[in-house]
1. If we keep just the residues of the range 15-40 that are more than 17 Å from Ser383 (Cα to Cα) and under 23 Å from the mean Cα position of the chain (by Cα), which is surrounded by the fewest Cβ atoms within 10 Å (Cβ to Cβ)?
2. Taking the condition surrounded by fewer than 19 Cβ atoms within 10 Å (Cβ to Cβ) and in contact with a Ser or Thr (Cβ under 9 Å, 6 or more places away or on another chain), does Gly200 pass?
3. Could you give me the residue pairs with C-beta distances under 6 Å whose first residue belongs to the range 276-294 and is outside the structural domain of Ile125 (by TED's automatic domain parsing), whose second residue is in a loop (DSSP other than H, G, I, E, B) and at pLDDT below 95 wherever it lies, and which are 6+ apart or on separate chains?
4. Of the residues Arg340, Arg329, which is in contact with a Gly (Cβ under 9 Å, 6 or more places away or on another chain) and modelled with pLDDT of 95 or more?
5. Taking Gly443 as meeting all but one of (1) within 23 Å of Ser181 (Cβ to Cβ); (2) modelled with pLDDT under 95; (3) out of contact with any Asp or Glu (no Cβ under 7 Å at 6 or more places or on another chain), write down the number of the exception.
6. Of the numbered conditions (1) over 22 Å from the mean Cα position of the chain (by Cα); (2) of a type in the set (A, V, I, L, M); (3) part of a loop (DSSP other than H, G, I, E, B), Ala178 satisfies every one except a single condition; which is it?
7. Condition first: surrounded by fewer than 18 Cβ atoms within 10 Å (Cβ to Cβ), in a loop (DSSP other than H, G, I, E, B) and touching a helix residue (DSSP H, G or I) at 6+ places or on another chain (Cβ under 7 Å). Can you find one or more residues in the range 62-81 that meet it?
Amino acid sequence: MSHQSESELNAIERLDKEYVFGTWSYQSEVQPTQITDADGVRFTDADGNEFIDFSGQLMCSNLGHSASKVKDAINEQTEKVPYVAPNYTTEARAKLGEKLAEVTPGNLSKTFFSTSGTEAVEAAIKIAKFYTGKEKIVSRYRSYHGATYGSISVTGDPRRLASEPGMPGAIKAPDPYAYGSTLDPMESLEYIDEMLMLEGDSVAAVLVEPIVGSNGILVPPEEYLPRLKEIAHDHGALLICDEVMAGFGRTGEWFGSDVFGVTPDIMTMAKGLSGAYQPLGATIVTPEIAEHFEENMLTHGHTYAGHPVACAAGLAAIETYQEENLIERAAETGEYLGARLEELAAAHPSVGDTRGVGLFHGIELTKREGERAPFGTREDKVSKGSTVVDEVAAEAYDHGTYVANMINTLIVAPPLTITEAEIDEAVETLDAALKVSDAAMEG
């Protein structure tokens, strides 16, 4: 059950509230819930309530909570070599680099390891600038690329606003979002083409999520990403694909880029890279970009670059995806999930749109049937209080299903190990929870 007031917090939760900042929150509204156990696709709170993890926590627990091979690898590496400085290497780091060259698309081949998605994006931005000698990065308004200085600057999500003015040279472009934009998705590409022309050969890279994650699970037309790469290259810019959320089977392919048959110049990863068992990010580049740094200094690094325990977890995670055929399984199970969500949309007038691919879906709500009239707005993302979308998620949570929501969209991104029976169980809960938004509709 969700906590209703501070007086209901247990001793650990009160301790946490007093001494630890909650993320992206007004601290007066933070009500932490202690989690005491997790198994498979479920987790349990301190009161003994069990929940289906229908969003993979923050869309990162791709392997669920019982990946024994990853746990064993972490323990073994901790016993062997828990940490060495990044000027040394370990078997785990070297083999993970080799493995990423194998599973990423095309000729992507050389990796810089970090500890999070935002750090992976920071590295990508700097590498693109170093390689091209240009200073600007074009990204999109409906995007999230991280919380550190460079990555929040290229983020379009309203959470960036409090940090502005941000990094110089961060320019925003329109999104491939037919449901909520004045531009058709392919028209938005023409706009980006014109932007790059008007910027006068000063753009180092175009940075996009192949499938937008926390800003609505936006799936572009199949010709969008290939054409975007052509446009970027026509103007002497690189294409950076942020695969932090879409990567490692989430889409039913290894990466979101694979859905569209595109090899970016630079790709960023985190989340599913270790299945969230360790903090681990990665930035991988083509041989041409790697070659540049043979005689030009890569002026980037940090203490935990290539952390042995994190790399051991990453290597074991990728081996688990392969050995258990989880990428293929996600594609198959994703078809079933998509069909079940379409049934929800048909049954609930407050569902304005469902979209997604693989095990990566969004349910967008509307307060007026047949038109785009969101319950939750971008302003709500940085305001106090709750929206109807929050209330729907809370109702599902109170009945045993955790589903994340961002702005106006419920994000369905369960572990790749989820079964059809577990999907049915969660969908039944959502079916009941969506009655909250149905009742709140206008007219």
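The values are calculated or read from the model by the stated rules, or taken from the named source; none is laboratory data. Quick caveat: nothing in here was measured; it's all calculated off a predicted structure. All Cβ positions, even for glycine, are placed from backbone atoms using ideal geometry, and neighbour counts span all protein chains on display.
1. Start the filter on the range 15-40 by keeping residues that are more than 17 Å from Ser383 (Cα to Cα), which leaves 15-21, 32-40.
After this cut, where a residue has to be under 23 Å from the mean Cα position of the chain (by Cα) as well, the list is 21, 32-33, 35, 38-40.
Working: Phe21: 9, Pro32: 16, Thr33: 17, Ile35: 12, Ala38: 17, Asp39: 11, Gly40: 15.
In this case the residue turns out to be Phe21.
2. Against the criterion (surrounded by fewer than 19 Cβ atoms within 10 Å (Cβ to Cβ) and in contact with a Ser or Thr (Cβ under 9 Å, 6 or more places away or on another chain)), Gly200 does not qualify.
3. Hits for this filter: zero, empty list.
4. Arg329
5. Answer for Gly443: the failing condition is (1).
6. All conditions pass for Ala178, except number (1).
7. yes
Let's see how each residue does on (1) in the same structural domain as Pro374 (by TED's automatic domain parsing); (2) touching a Gly at 6+ places or on another chain (Cβ under 8 Å); (3) within 21 Å of His235 (Cβ to Cβ):
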| position | (1), (2), (3) |
| --- | --- |
| Ala101 | no, no, no |
| Lys110 | no, yes, no |
| Thr115 | no, yes, no |
| Ile125 | no, yes, yes |
| Ser143 | no, yes, yes |
| Gly156 | no, no, yes |
| Leu161 | no, no, no |
| Lys172 | no, yes, yes |
